[in-house]
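One structure is given here, and the rest of the page talks about it.
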Amino acid sequence: MAVKDVLIYPDPRLKEQCLPIINFDESVQQLLQDLVDTMIDAGHSVGVAAPQLGDLRRAAVVDVSKSKLGKKQENHGLLQMVNPEIIEKEGTQIVREGCMSVPEYTGNVTRSESIVVQFLDHNQQHQVIRCDGFEAIAIQHELDHLDGFLFLDRVSSLKTDLFRRKQK
Amino acid sequence: MQHFALTIIGRDRPGIVSQVTEILFKAGFNIADSSCSILGGQFSMILIISNPNISTTEDFIDTFKPLEENNLSVFIRTLKPGGEIRSELEGELCMISVYGADKPGIVFQVAKELGDRHINITDLNTKLVGDKLKPVYVMMLEAILPLDTEIEEIEIWMQELKQKLQVDISVRSLVVMEL
């Protein structure tokens, strides 16, 4: 059990491209446990990615089942993902996101509505699952961290976007 | 540090932000929060600024003269201590859309329903759209509901207002996904 401090931007590690995990050793199990512990400790959080703890390996955890919004939707509960990869995307939705690593700022982000993600789970089993709604958003957000993207890089509109459309 | 609210408005054209911020930068001001947008044909800027060496407007009253000479109107408000800090707003965020045939009083009557119930409007945009013969008024607002107010209650109040104003109103919870 180890709750770690979540890095806050401008920590440069949040903008790094993370490396794939090749040896699934004890340190990977430890990392997954730290991610889960930190996510639970953070109360409001539904996911944490390894670089947010300063570990530049491709691992993230997501669990929307405890959140007010997530538990109303179909979800997979706790997902512990090593080398996760989104292999299919469908539809788009605009959501307002916030991030523990960028406190006090939220922005409207366009995300895919439905995704198929593949990863190795904590038992080193290869998983391929389809996720929708909040869970899909959370996974896209966490996986962005593994490539050094923050939601700030994805903000698609200011609040007044509605009025910006060019009129005929 | 003393903070000021600076408002600048003028006919929209390229280069306004550049001219304003060059003056601020060269005079040693920091821009904390700001919001700038086109309203009608006017570009409007609202900025919270500070400068460690400046404590009263007299110290920099002439700084913005070049803007006035370029047909921009400048207004400076001196903030009271702490006036630059946003107070912690607790409660559910909700979004209200109001739209319909243009008529006087749409904004006021919606705002009054909310204000009377101590509901804090945090963002508000309105725009007149549609053709000249059939203008449509669109208003979008975000508000924070006090802890004892449920979104369903707002829906009920807005339902009544919808009848009264003969406009369409929808209310929805605005979920910020904290990730």
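Can you tell me the accessible area per residue over chain B, all protein chains present, probe 1.4 angstrom, in square angstrom? Could you put the intermediate results ahead of the total?
Working: 10770 Å² over 179 residues.
Averaged over the residues of chain B, the accessible area is 60 Å².
Once the chymotrypsin sites (Phe, Trp or Tyr not before Pro) in DSSP loops with at most 16 neighbouring Cβ atoms within 10 Å are cut out of chain A, the longest remaining piece is A:25-148.
Residues of the stretch A:43-79 that bury at least 30 Å² of accessible area when the other protein chains are present, relative to the chain alone (probe 1.4 Å, heavy atoms, ligands and nucleic acids excluded): A:HIS44, A:LEU69.
With all protein chains present, how much of the accessible area of the stretch B:56-174 (probe radius 1.4 Å) comes from carbon and sulfur, to the nearest whole percent? For the stretch B:56-174, the apolar C and S fraction of the accessible surface comes to 51 percent.
Amide H contacts of A:ARG57 (H built 1.01 Å from N, in plane; Pro and chain starts excluded): A:LEU19 sit under 5 Å, all sequence-distant by 5 or more or on other chains. Report the calculated FRET efficiency for B:GLU150 and B:LEU79 (r = Cβ-Cβ distance, R0 = 51 Å), to the nearest 0.05. According to the calculation, E is roughly 0.90. Angle of helix A:26-41 to the longest C-alpha principal axis of chain A, folded into 0 to 90 degrees and rounded to 10: 50°. With a Förster radius of 51 Å, plug the Cβ-Cβ distance of A:GLN118 and B:LEU128 into 1/(1 + (r/R0)^6) and report the FRET value to the nearest 0.05. Calculated value: 0.55.
Could you work out the relative contact order of chain A, using alpha carbon pairs under 8 angstrom and six or more residues apart, expressed as a whole percent? Spell out each step's value before the answer.
On the way: 331 pairs, mean separation 40.3, N = 168.
Taking the mean separation of contacting Cα pairs over the length of chain A, I get 24 percent.
Placing +1 on the Cβ of every Lys and Arg and -1 on the Cβ of every Asp and Glu, with no other charges, gives the stretch B:85-179 a dipole of roughly 720 debye about its Cα centre.
Around B:VAL74, what is the net charge, scoring Lys/Arg as +1 and Asp/Glu as -1 over all other residues with Cβ under 12 Å from its Cβ?
Details: positive: B:LYS65, B:ARG77; negative: B:ASP62, B:GLU68, B:GLU69.
Within the 12 Å Cβ shell, the charges total -1.
In order along the stretch A:74-88, the Karplus-derived 3J(HN,Hα) couplings, from 6.51 cos²θ - 1.76 cosθ + 1.60 at θ = phi - 60°, round to 5, 7, 9, x, 6, 10, 10, 10, 10, 6, x, 8, 8, 10, 8 Hz, and Gly and Pro are given as x.
In loop segments of the stretch A:63-125 as defined by DSSP, the GluC sites (Glu not before Pro) with at most 14 further C-beta atoms inside 10 Å of their C-beta are A:GLU74. For chain A, a Gaussian network of Cα nodes joined below 10 Å ranks A:THR106, A:THR92, A:THR38 by mean-square fluctuation, and the top entry is A:THR92.
Taking amide hydrogens as placed 1.01 Å from N in the peptide plane, the amide H of B:GLU178 sits under 5 Å from those of A:GLY98, each at least 5 positions away in sequence or on another chain. What's the longest uninterrupted piece of chain B once you rule out the GluC sites (Glu not before Pro) that are loop residues per DSSP with at most 14 other Cβ within 10 Å? Longest gap between qualifying sites, sites excluded: B:1-87. Any chance you could check the Cα centroid distance between the stretch A:23-92 and the stretch B:58-103 for me, in angstrom? Using only Cα atoms to place each centre, the spacing works out to 40 Å. To the nearest 100 Å², how much accessible surface do chains B and A cover up together, summed over both, with a 1.4 Å probe? Chains B and A together bury roughly 1600 Å² of accessible area.
Here the label points at A:SER65 and B:ILE61, each 7 Å from Cα along the C-beta direction, are separated by 6.8 nm in the simple model. Adding -39500 (n - 2.57) for every DSSP H run of four residues or longer, then dividing by how many residues chain B holds, sets the calculated 222 nm ellipticity at -7000 deg cm²/dmol. Estimated from helical segments only, the mean residue ellipticity of chain A at 222 nm is -6000 deg cm²/dmol, where each DSSP H run of four or more residues counts as -39500 (n - 2.57). Relative contact order for chain B: 22 percent, from Cα pairs under 8 Å spaced at least 6 residues apart, divided by residue count. Evaluating 6.51 cos²θ - 1.76 cosθ + 1.60 at θ = phi - 60° for every residue in the stretch B:69-84, the Karplus couplings come out as 5, 9, 6, 9, 8, 10, 10, 10, 10, 8, 7, 6, x, x, x, 8 Hz, glycine and proline recorded as x.
Computed 3J(HN,Hα) for the stretch B:163-172, one whole-Hz value per residue from the Karplus formula 6.51 cos²θ - 1.76 cosθ + 1.60 where θ = phi - 60°, is 5, 5, 8, 6, 10, 8, 9, 10, 10, 8, glycine and proline marked x.
A:SER45: net charge of surrounding residues, Cβ under 12 Å, Lys/Arg +1, Asp/Glu -1, itself excluded? Working shown, then result.
Numbers: positive: A:LYS66; negative: A:ASP37, A:ASP41, A:ASP63, A:GLU142, B:GLU178.
Combined, the nearby Lys, Arg, Asp and Glu give -4.
Would you work out if the stretch B:93-173 is rounded, prolate or oblate? Take a ≥ b ≥ c from the square roots of the eigenvalues of the alpha-carbon gyration tensor; rounded if a/c is under 1.5, else prolate when a/b is larger than b/c, oblate otherwise. Here the stretch B:93-173 falls in the prolate category. About its Cα centre, the dipole of the stretch A:12-159 is roughly 500 debye, where the only charges are +1 on Lys and Arg Cβ and -1 on Asp and Glu Cβ. Computed from label points 7 Å out along Cα-Cβ, the spacing between A:SER157 and B:ASP168 is 1.5 nm.
Across the residues of A:95-106, average count of Cβ atoms on other protein chains within 10 Å? Each step should come with its number before you reach the end.
Details: counts 4, 8, 4, 4, 3, 2, 1, 1, 0, 1, 0, 5.
Per residue, the average neighbour count from other chains is 3.
Backbone amide hydrogens, once placed in the peptide plane, bring B:SER55 within less than 5 Å of nothing, excluding anything fewer than 5 places away on its chain. Based on alpha-carbon centroids, what's the gap between the stretch B:121-178 and the stretch B:8-45 in Å, whole number please? Result: 29 Å between the Cα centres.
The values are calculated or read from the model by the stated rules, or taken from the named source; none is laboratory data. Only a predicted model underlies this, so the values are computations on that prediction, with no experimental measurement involved. Positions of Cβ are backbone-derived with ideal geometry, glycine not excepted, and every protein chain shown enters the neighbour counts. When the accessible area is computed, the model is the full protein with side chains, heavy atoms only, and any ligands, DNA or RNA have been set aside. Shrake-Rupley method; radii C 1.70, N 1.55, O 1.52, S 1.80 Å.
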